[in-house]
Structure formats: C-alpha cells, structure tokens
Amino acid sequence: MDEEKRREQADDELIDSAFQQLLDSYLASRHRKKVDLITKAFNFARQAHKGVRRLSGEPYIMHPIAVAQIACSEIGLGSTSICSALLHDVVEDTEYTVEDISNIFGPKVAQIVDGLTKISGGIFGEQASAQAENFKKLLLTMSDDIRVILIKIADRLHNMRTLDSQSANKQYKIAGETLYIYAPLAHRLGLYKIKTELENLSFRFEHPEEFASIQQKLASTQASRHELFDQFTQPIEEALNQMGIKYVIKERIKTPYSVWNKMQNKHVAFEDIYDILAVRIIFTPRSREDEINECFNIYVAISKIYKSHPDRLRDWISHPKANGYQALHVTLMSHQGHWIEVQIRSDRMDEIAEQGLAAHWKYKEKAKTADETAEFVEDEDDEYTEDEVELNEWLCTIKEILDDPQPDAMDFLDAIKLNLFASEIFVFTPKGEIKTMPAGCTALDFAFSIHTFLGSHCIGAKVNHKLVPLSHKLQSGDQVEILSSKSQHVQPAWINFVSTAKAKAKVQAILRHDNRETQKAGEERLVNWLKKNGKEYTIALADQLTTFHDYKQRDDFFLALGEKIVILGEKDLDELNGKNKGKKQDEGSGWRKYVPFVKNKKQIEDADADLFVVPEKFNRKKPIYISEETIRQYKFPTCCHPIPGDDALGYIDNKNQIEIHKRSCPIAAKLKSGFGNRILDVKWDMHKRLYFVASIRISGIDRVGLLNEVTQIISSQMSVNIHNLNITCDDGMFEGSLELRVHDREDVHEIIRNLRTVTDLKEISEIM
C-alpha cells in the first residue's frame, strides 16, 4: 500500500510540474491571460483520465498536457486552443460527451474537441478506410476553424515523440500516416520545425538502420563542415559589419530524412550530396519599411564576395510562398569550390518560417496597442481575423472538395495530398494580377482556379499571347488568358492532365454527374439480365461480377455495362454459379507469387501452392518471419520488388492474404495511411540459399577495358551472375544498369563497395 501511495505521489508531482511548465509558457506569451479557464480544463481532464496510463507507463493526462505545451510554445496558440488540447481525448476515452464540454467550456471549445475526436463505431465496411474518413472529418471541422488541424498536428507530434512504446506494426502505421499526411500538412501551414521533426521521427521508426547510418555520417563530417562554414562566412561578416547591419549567421544542416530522401530520388551516395550545409543570414531591419531593401542590399554585398549561380536565385521576398514563407535564396561558389546556398531573411521572416501561421498573425498591422496585440490569435469571441489570401484560398479549395466528396475515402485523401507538398510558381492574369499555383499545373488547372464554370467550358489558353492547348504546363512568370466556349463540356481525358486538387475534384464531380444516367442504364441492364437467367438482383451479386470483370468500384462496372463495354454472357453465369472456381487467374492484379529462378514446369506448379490466409484470431502485433520455407506463402507486389535485407512490411489484403512491400514503397505509404490496422511487421530469416534480382545503376568516363573490369569484379571476384546488362555511351561518357542475381541487400552493398575501386566509374547506386 505504501508503494502504491508513493507512486501516486510521484505521479502527482510529475503532473503538477508539467502543468506548471505549461502555465509558465502561456504566461510568457503575448496572449490575454485566461489562466482560470486553462486550470479548469486541466482539472477536468485530470479527473476524467484518472487512473489511466499510456503504454509507456506514465499517467495518461501527461499526453494532453504535452499536446497543449506544443500548441502553446511551439505553435503559439492561446487559451481556447490550450483548453481544447487538454480536453481533446476526453470525449473519445471517457463517458463525457461533446454536449458536456459545450455546457462547461462553451461551444467553440466543444466544436474543436469534436473535430479532434475520431469517428467511432462499426460504420466502416471491410473495404473502407477508417483513417481516411477520420481525416475527412478533421478537414471538415478545419474549414470552419483552423485550430483543429493545428492541435491535431501537435497531438501527432507528441505521439511520434513517444512512439517507442508501440508495437512495430503500429509504428509503421503511425509513421507512414505521419509522412503521408501530417508532415505535408505542417509544411503547408508553415510549421517548418514541426514538419522537419515529423519527417525525421517517421524515418527513424521506419528505417532505423539507415537513420543511424546517416546520423553517424553527419556527425563524422561535422568538423569539416564547421571549418567550411567559418571560412565561408568570415568575409560575409566583415561586409555586413561595415554596412552596420545587426545580424546573426547560422548553419543549416540537412536532416537525416532530407539526406536520405535526396539519396533515393537522385540515386546518389551520401558522399555525393554537396548541399548538406546551407547558411542562414538573419538580420534585424532598421524599420519594417526597409526590410525588403535591406534583404537585397545584403544579397548585392555577398555577391561581390562570391560568384552566384545564375539559375538558383529564389525571390520569396517579393512573392511569399502560400504558407507565408519569405526569404531570399541565393547559391554561391565558395573559395573552396563548393556551391553553398545562402538564405537571407529578417528576424520577422525567420519566426514565420519556423513557427508558421501563429507567428504570421503576430505581425499583423491591425494591432495598434499592447492590449490589441495580445489578442492576435484569440479575441473575446474567439474569431480569427486572417487576411492571408493564399491560405484562405487553400481552405476554400478543401471546402469545395468536401462539399462534393469522393465516393472512396482514399481517393479523397489523394486529392487533398495533391496540393500539400507541391512547389509553387507565380502566374499572371491578363490584367497583371499575380496568382500562386502548384508547380506542374496546366492551363486547365489555372482555369478551374479562377472559376468552375470557366474551367468546365475551357477550350484552350493564350500563354504569353500564344495559343496553347488545355494540357500546356505553365511556367513561373507566364501570363495566361483562358479561352472558353459555352458549347464545351468536361471530357474524361481531362482527368489525365489536371494536377491540382481543386481541378481534379471538379472534373471528377462533373463526370460523375454525367455518368449517373449511364450507370443507371447499366444497372437496369444487369437487373434484366439476372431476371432473364432466373436470379434476383442483389448488391452481393453485383459486387461479384464487378470483381470478376476487374473493376474496383460497382459504379465503374455499371458504367461499363451502360456504355456496352461489358456484355454479360455465359462466363458471367458460370461465375455466379461457382463454375469458374480455380480457373480465374490473378493476371494483371499487380502482384506475383515469389518464384526463385525456376528451371521446370513442376517447380512453377509447386510455387503456385495456396497462399497463406490470415485466420480470424491472428496476432497482428507479432512480426511474420519470411524464410526459404515460407516465402512462397506471400504475395510480392511488382511495385517495389523487396529482397532480403530491405526494410519491409506486410499488408493483409481483401482476400486475407499477405502482400510484402518495402516500407519506402509509394503504394505501402498509401496503405499505411488508409489501412493501418492491416499492417504487419516483417522480419527476414533467410540463409543465402535463394537468389533474387537486384539492379545497380552505373555511370562514368568511357574508356577501353572499363566494362571488362566491371564484369570481372562482379563475375570472377564475387561469383555473382549478371542477369542483364545495358550500357549506352555518348561523347566519352557512359551510363547503364546491371541486373544481378544476389542473395540479399548486403550482397548489393558489397558489390557497390568493390565497384567503387574501378577508376573512371564515377557514380554507382542501387535502383530501389
């Protein structure tokens, strides 16, 4: 009993200390001091969660306090948000309702808490994605009050910081969801520090070995980077001192995730990444009016010291990014022969870049007095006074998509994601007004961004006074005039060349509307055909035929029937009567059973043995082990070709069979975000008895005998069989790819290490 009391006392001290730290952070902010309201919310949440512990063993109330702390000190939100953060799990995890919250803390807090509460109950079918539906609900509330998504991001950040206590399959699910949805959202809302931490934490849990390796390499090159930074910045400091500017110069080092991402996308080794170091000049302007001029004065001064790269000047000062980011980026050649990016920004711009929207509101011209400034986020009525045009446009885009949601929650998720991480370009209207658009957008995207009617009747455009088709991709600085005609109608082909979420959603909505009559005719055709063959129409029969004809959605199948693309016949009747059992193959379904390099027909037939079917009471928390004996029981998708040694995961598909994906696979990213409860941890238990195909990309300076050296190392020294070889030469340079038969990923790493000894072989990388 004494032990229990001591534990309770220790818990109380821990909780009181954490809450006091939260109050101290709040009191140090510029918000109006509503300490009583926050204390009331804390006491309510503490009582509601009393006796409950997290998987880590700490009292549950520590989580809401931590989320409130992030919302307060790292995002800069005020009392309403802090109260909502403290209460965000009360409705979901206790007997209290949203009405209770509304009666005690008011409708605004209740609305935010409701938006943060997951959808519960068994309302989702097996095919549906509860996570995507939850995210949809979150965005619905966010379009009314953006604090919902800001607190949700704070909640996700704390969950990621404490993810060690979860099982591996839950870690992959949460990390994948974070990378797919929440990091891009944080980026879009200007929360750069949080976005960076979310990415790194996701990377650490999904690829622990790569994370540790890159961290170790960054640490080992730290001394040389410091030396380069000191040498590079010394003449810059002298110039800025002469100009009488108050400034600080900081090193900005690429994060492990950012380094790894570049290694994957550019197919380069760590040693070949040259922009790990960047320099940030943060200055205090003499006045707000001089801010932009001083930015350019600093740019001119440092361009006299170092030569600038002509194609790498980025002016985010005159044209801020949609998330409020402002800075001047210039890439300079150091005296040591390295290109180094320099970011020039005022302290105001730096705070907005790091803290996002909350810091942006702080600097609104509206605030005239100290009292008014204290209300920059939450006033007496808790209403926002945002005048960030770009943010409001983005929120309106989301609201439009939500007003006409996709039938499939995952399609909706994809539509939202389209606009989250897109780079931006600046496009001019015929009257010279500037519009921010995602990079890669087309003339049709631009038309829909102006008005749905204009987009749906668009026949072409004039870009810089020249006629271009709807599919023409816009460049930054283009002046665009949209041409339209009332006789024009939305075409199905348009979906292939619109890239923005708004345009894609509108095109799909109009096509769905146009297709409804055809779908209805198709459904009637099916009903009549079934009746003619002595069967009564049911959804189950319709779904069976939908799957039989390889359509994902029932409506797509009805459309095909309506357009007479599919004609029902004897085979369909056989399918419904069960006569096709065992005949229909999985061709074209995007996966292959694993077959180690087979030599005869019998081996192929043996490899076609029944796949493992997940039983009802299957422990999803335990890893599945892939060995030489069990490998044929799993599906290996063609999207990513995992081999032993790769970080892998399992996915239980709709047939309760298990697909094996690389954790970094784009398809796996969607599965983690939408179907996290079906994700499994995978461990390899292979003993170098089976062979797998792996690919290596090589390039360098062409010379006589080089290819012979490469093949000698691979075939003679290492006894590795070259499955396929493709080399092209041009102007004294060569590049090519090798397909090799290897046992595992470690074999690939050893081959690359040995190939690095070949003179004139400049770049060697795995093709993942």
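Here, each number is a calculation from the coordinates, and none is a lab measurement. Quick caveat: nothing in here was measured; it's all calculated off a predicted structure. Here Cβ is always computed from backbone atoms with ideal geometry, including for glycine, and neighbour counts include all displayed protein chains.
May I ask which of 622/662; 173/506; 655/683; 535/655; 170/655 have a Cα-Cα span longer than 29 Å here? Over 29 Å Cα-Cα: 173/506.
Between their Cα atoms, which of 40/152; 321/502; 250/670 are more than 25 Å away from each other? Intermediate results must be reported in sequence, preceding the final value.
Details: 40/152 21 Å; 321/502 19 Å; 250/670 37 Å.
250/670, as the Cα separations exceed 25 Å there.
For residue 273, what is the net charge nearby, where nearby means another residue's Cβ is under 9 Å from its Cβ and Lys, Arg count +1, Asp, Glu -1? My count for the surroundings of residue 273 gives 0. Taking Lys and Arg as +1 and Asp and Glu as -1, the other residues whose beta-carbon sits under 14 Å from that of residue 542 total -2. The chymotrypsin sites (Phe, Trp or Tyr not before Pro) of the range 517-550 that DSSP puts in a loop, and whose beta carbon has at most 16 other beta carbons within 10 Å, are 537.
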